[in-house]
Amino acid sequence: MSPREPGVAPPQVLELITRFEQQHEAYKSGAYNETQVRREFLDPFFKALGWDMDNEQGFAEAYKDVIHEDQIRVGGATKAPDYCFRIGGTRKFFLEAKKPSVVIKDEPGPAYQLRRYAWSAKLPLSLLSDFEEFAVYDGRFKPHQNDSADKARIFYCTFRDYAQKWDWIQERFSRHAVLQGAFDQFAEATKAKRGTSEVDAAFLETIEGWRRELAQNLALRNARLTQRELNFAVQRILDRLIFLRICEDRGIEDYGRLRALVNGDRIYPRLCQLFEAADDRYNSGLFHFKREKDRHEDPDELTLALALDDKLLRGILRDLYFPTAPTSSPSSPPTFSARSMNSSSARSSASPTRIATASTSSTGTRSQ
């Protein structure tokens, strides 16, 4: 970038501001679309921040500064953030573009979409803009569909602020700033201020919630279970669910097979059929229901005969998938979920029993 006077946006950005102001009404009409705003405003805006928007340097695909329509996997489907800004092939932040008729400040949908991308890709910060508006979001907050547009938003301005806010933007989101570590420092400072939780921690929290609910329901529906049996059953059911969900993400099992169980009643008996099929398919002690020659450990003769409410299982199975699952990135879910399963198993000792014992008398019968 060429030298400029501090506190003043570069000439090409000032020209963009003037042009947008002059034709503001036309740009705000629904006829002016996202592709147009990207080409005519957002591309030159970020070029002024030092990014090689069109790979003019001729870098190999793996090392381009900017990937247009990047691909990430969200809930079993491939999604395409409009821009992915990278250094040396490593993702730093996404930019999701909208047409100017969209009110970024108030409409929750665009913010949720961007935050879902950032959350899944484990990016700390990402941007949302239609040039008229410019917003920075913290990607470390788990997104929910009913979140307001300002949830996890840490900066907002309009195009009329760019001239005065240019230094703030340039010092954090220019290519030079990212190379100098200023972007990472800003992300860390923001994290410290807001006390955000990472994807892995959020997933472990979700697992803990499932464990509590399973313990309560198993104790309610299976009154003769001992404390040891209850702990065993809760952990085995959770580990099997997570294992099979990992297999779906890796293409080993048909995607959505677990979720399909929510359609209909008697969910647990049908889930047990999947567990038994897994016993035939995988050489794993996780699914060991029959005595086998040369196998010394005892089979699980407990969990397949248990009763569990449909309502509880329906909620857990749905929560394993987008949009409520804590993560859905193309590569992180299998590793992340497997790591979470191991951590969850290590943390299981007797806590379900205490919760179930304390809760059974007060919860009453859960409707199916």
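Within segment 107-127, is even one residue exposed (fewer than 15 other Cβ atoms within 10 Å of the Cβ), part of a loop (DSSP other than H, G, I, E, B) and at pLDDT below 95?
No, because not a single residue in segment 107-127 is exposed (fewer than 15 other Cβ atoms within 10 Å of the Cβ), part of a loop (DSSP other than H, G, I, E, B) and at pLDDT below 95.
How many of the residues making up segment 11-43 are under 20 Å from Lys165 (Cα atoms) and either within 28 Å of the chain's Cα centre (by Cα) or crowded, with 16+ Cβ neighbours inside 10 Å (or both)?
The number of residues fulfilling the criteria is 7.
Is there a residue being among the aromatic types (Phe, Trp, Tyr), over 26 Å from Gln216 (Cα atoms) and within 26 Å of the chain's Cα centre (by Cα) anywhere in segment 243-261?
Yes, some residue in segment 243-261 is among the aromatic types (Phe, Trp, Tyr), over 26 Å from Gln216 (Cα atoms) and within 26 Å of the chain's Cα centre (by Cα).
Would you mind telling me which numbered condition in (1) within 23 Å of Arg140 (Cα to Cα); (2) at pLDDT below 95; (3) not in a loop (DSSP other than H, G, I, E, B) Arg86 fails?
(2)
Pick out the one residue from Leu244, Leu271, Leu313, Leu302 that is of a type in the set (A, V, I, L, M), more than 27 Å from Ala77 (Cβ to Cβ) and in contact (Cβ under 8 Å) with a residue 24 or more places away in the chain.
Criteria check complete, one pass: Leu302.
Out of Phe41, Phe46, which single residue is more than 22 Å from Arg115 (Cα to Cα), in the same structural domain as Glu133 (by TED's automatic domain parsing) and assigned to a helix (DSSP H, G or I)?
Phe41
Which of the helices (runs of 4 or more DSSP H) found entirely inside segment 162-263 contain at least 2 residues meeting this: at pLDDT below 95 and basic (Lys, Arg)?
Values: elements: 162-173, 175-179, 182-194, 199-221, 227-249.
Output list reads 182-194, 199-221, 227-249.
Given the conditions (1) modelled with pLDDT of 50 or more; (2) surrounded by 14 or more Cβ atoms within 10 Å (Cβ to Cβ), which single one is not true for His296?
Answer for His296: the failing condition is (2).
Could you list, in sequence order, all residues of segment 299-312 that are surrounded by 17 or more Cβ atoms within 10 Å (Cβ to Cβ) and farther than 14 Å from Ala219 by Cα? Walk me through how you get there before you give the answer.
Applying the first criterion (surrounded by 17 or more Cβ atoms within 10 Å (Cβ to Cβ)) to segment 299-312 yields 300, 303, 306, 308-310, 312.
Passing the criteria: Asp300, Asp310.
The values are calculated or read from the model by the stated rules, or taken from the named source; none is laboratory data. For clarity, every value in this text was computed on a predicted model and none was experimentally measured. Note: ideal-geometry Cβ built from the backbone for every residue, glycine included; neighbour counts use all protein chains shown.
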